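The values are calculated or read from the model by the stated rules, or taken from the named source; none is laboratory data. Remember, it's a predicted structure, so these values are computed and weren't measured experimentally. Every residue, glycine among them, receives a Cβ derived from its backbone with ideal geometry; neighbour counts consider all protein chains shown.
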Amino acid sequence: MFSEYRIHPALLHLLYCLLCSAGEEVVRLQELEGNTVTIHTGLTGVQSDAQILWFYISESVDIKIVNSQIIRGEIITDYYSERFRDRLQLNRTSGSLTIRNINREDSGVYKLQIITGHQSVWSFSVDVYAPVSKPVIRNQAEKRSVSLRESCSPLCSVENGKDVSLSWYEEKERISSISSSDSSERLYLPLNKTDPNNSTYTCVAANPVSTQTTQLNITNICCKAASGQNVKRDRFILLAAVLTSVGLLVVPSLLFVWFCKKKKRKQDSEDAELNYTEVKTLTRNSRAAPEINRAGMAEEDHSGSVDYSEIRH
């Protein structure tokens, strides 16, 4: 029975194109990556002996991924393609196809063919998205002033991706939005308000299957510039005060030590000069009065020689 209804893939693709051009409706699905997705056909009861085929269209080529038919009274369901290994499940009653742990690479067109006495075709376009990242708000102000109005220029940003948009909301009203087809570039959106303190602002990042929000906190975002400058100023003042105090303590101490050392050097110099004078005086006196030895002789040093004279009474 299967061989009687085998159709060449090129003819299937041609038939698909003809059906599309004739106005065949393509059902569009948008799914979150990692979920289990069921492509519902809307049928309530497929003929029991029908042959059910599912195709995944990749680069205009129909890749057969499911073939279910009755062979000798037994239902035989075959699953093909390494891409969907162990992730497909067919419901023969409705013809619906379930894909477990779907990923972005599974995005594309899926085609269902049910063959009984005639052939019916359905097409489904499936787009799989990663969850959008949470947006980040920071202050982009170049001027750093104590004034909140001058120092506050909130900038919201988020990692870009497929069909990602970034928006600012004032209360519940969207006031600005941006998107880019270049997913390699991060999205940036400033809040162009002169005084954002007068209302509630929320930055919203979204794609067709997920949304992330970050509410603007004026105290944390906008007052940091002014407070940061105050902190820097206080630190500078504290550092200057510490250096001044240290200078007032260290400089006099150094002067005192220098003065003491200078005074000590002067005193040592005077003591050395006095000792030299005493030694010189003693030397001269010893030469003028020769000593009398125990033998009762007077001895005198004349150029290294000694003369002895008898002492008469």
| remark: Of the residues in the stretch 181-200, those that are under 17 Å from residue 214 (Cβ atoms) and either part of a loop (DSSP other than H, G, I, E, B) or outside the structural domain of residue 163 (by TED's automatic domain parsing) (or both) come to 186, 191, 193, 199, 200
| residue 53: farther than 30 Å from residue 210 by Cβ, in a strand (DSSP E or B), modelled with pLDDT of 90 or more and touching a Ser or Thr at 6+ places or on another chain (Cβ under 8 Å), yes or no? | yes
| Within the stretch 61-169, strands (runs of 3 or more DSSP E) holding 2 or more residues that are of a type in the set (D, E, K, R) | 61-71, 74-79
| said: Based on this model, can you work out whether residue 99 counts as surrounded by 15 or more Cβ atoms within 10 Å (Cβ to Cβ), more than 26 Å from residue 208 (Cβ to Cβ) and among the hydrophobic types (A, V, I, L, M, F, W, C)? | reply: no
| query | From the set of residues in the stretch 201-224 that are at pLDDT below 90 and part of a loop (DSSP other than H, G, I, E, B), which is surrounded by the fewest Cβ atoms within 10 Å (Cβ to Cβ)? | reply | 217
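Looking at the stretch 108-127, which of the residues that are among the polar types (S, T, N, Q) and modelled with pLDDT under 95 is farthest from residue 25 (Cα to Cα)?
My answer is 116.
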| remark: Taking first residues from the stretch 99-127 that are free of Cβ contacts under 8 Å to residues at least 12 places away in the same chain and second residues anywhere that are among the β-branched types (Val, Ile, Thr) and crowded, with 17+ Cβ neighbours inside 10 Å, the pairs with Cβ under 7 Å that are 6 or more apart or on different chains are 120/114
| Looking only at the stretch 80-91, and only at residues there that are at pLDDT below 95 and not hydrophobic (A, V, I, L, M, F, W, C), the one that is nearest to residue 48 (Cα to Cα) | 80
